[in-house]
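The values are calculated or read from the model by the stated rules, or taken from the named source; none is laboratory data. A quick note: this is a predicted structure, and the numbers were derived from the prediction, not measured. Here the Cβ is made from the backbone with ideal geometry for all residues, glycine too, and neighbour counts use every protein chain on show. Heads up: the accessible areas ignore ligands, DNA and RNA and are worked out on the full protein's heavy atoms, side chains in. Shrake-Rupley method; radii C 1.70, N 1.55, O 1.52, S 1.80 Å.
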Amino acid sequence: MSKAGQALKGSLTKVMLGAALLGALQGCVPLVVGGAAFGAASTMDRRTLGAQTEDKSITVKAEVQIPKIVGDAGHVNIASFNRKVLLTGEVRDEAMKARVEAEVRRIENVVSVINELAIAGPSSYTSRSSDALITTNVKGSLVEMKTISATSFKVVTERGTVYLMGRVTQREGDLGAKIAQSVSGVQRVVKIFEYITEEELRTQYPQSSSVAL
C-alpha cells in the first residue's frame, strides 16, 4: 500500500474510533442483549432491562408452543409485560383454553397469566384489522397527552376491547384508560396495571415524572 493510502486508512480509523467514543459517551450506542437491540426506547421503559429481555423470550416461546395446541381451531395473541402474560383471542372450548394457559404457565420466568381467551371461532381478518387500527389510535392519543408518559403503557386490542398494561401511578392509569375509552371503536377498556406511587415515579423514573409535571 502506498504512503498516501496508509495515511488515508489511518485517518479513517481515527474518525471511526472518535465517532464510536462520542456515541458511547452520549449513551447513543444501543445495547444488544440476546439479539435484540435496546436503544433510547428501552431507557424510557419502566421495566428493568432484564424484564424486557425476559418478556421477549416468554413471547417467543409461547408463540412457538401455543399453535401446537390450538391449530386451526382458533387464534391466540400473547402479550408479556414484566413477566405477566395476557392471553387474548379465541379457542374452541374450555379445555383448550385451560391447556393454553397451563402451557404458558410452564414457561420460565412467567409470574402470572391473565386468561382473556373467548370460546368462539377465529376472528375475521376485518375484525383483526379493526383492532390493529384501534391500537394504533390509542397509542397515538396517549402520545398526544403530554401529562403522562406514553411509553409506560402497553396496548392490546381484541374484538374492540382495549387492554392496558404498564407500571403506572393510579393517576396515570385512570387518565390512560379515559383516553383509550374516547377512541372511536373502543367497546371496553380493561386495566391490567402494576401500580406505583407518585413518590416512586419521581425518584425511580425522573424522566417520566418530568413529563407528568
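So which residues in the stretch 155-198 are assigned to a strand (DSSP E or B), closer than 27 Å to residue 119 by Cα and either acidic (Asp, Glu) or without any contact (Cβ under 8 Å) to a residue 24 or more places away in the chain (or both)?
Within the stretch 155-198, just 158 meets the criteria.
Within the stretch 53-92, can you find the residues that are over 22 Å from the mean Cα position of the chain (by Cα), farther than 19 Å from residue 127 by Cβ and open to solvent by 50 Å² or more (accessible area, probe 1.4 Å)?
Selection gives 68 alone.
If I filter the stretch 107-154 down to residues being closer than 25 Å to residue 57 by Cα, part of a loop (DSSP other than H, G, I, E, B) and out of contact with any helix residue (DSSP H, G or I) (no Cβ under 7 Å at 6 or more places or on another chain), which single residue comes out as least open to solvent (accessible area, probe 1.4 Å)?
Across the stretch 107-154, the extreme among qualifying residues is 116.
Specify which of the listed residues (115, 77, 82) is touching a residue at least 24 places away in the same chain (Cβ under 8 Å), of a type outside the set (A, V, I, L, M, F, W, C) and on the phi > 0 side of the Ramachandran plot.
That would be 82, the only listed residue that is touching a residue at least 24 places away in the same chain (Cβ under 8 Å), of a type outside the set (A, V, I, L, M, F, W, C) and on the phi > 0 side of the Ramachandran plot.
Which of (1) more than 29 Å from residue 172 (Cβ to Cβ); (2) at pLDDT below 95 is the odd one out, the single condition residue 103 does not satisfy?
Condition (2) is where residue 103 drops out.
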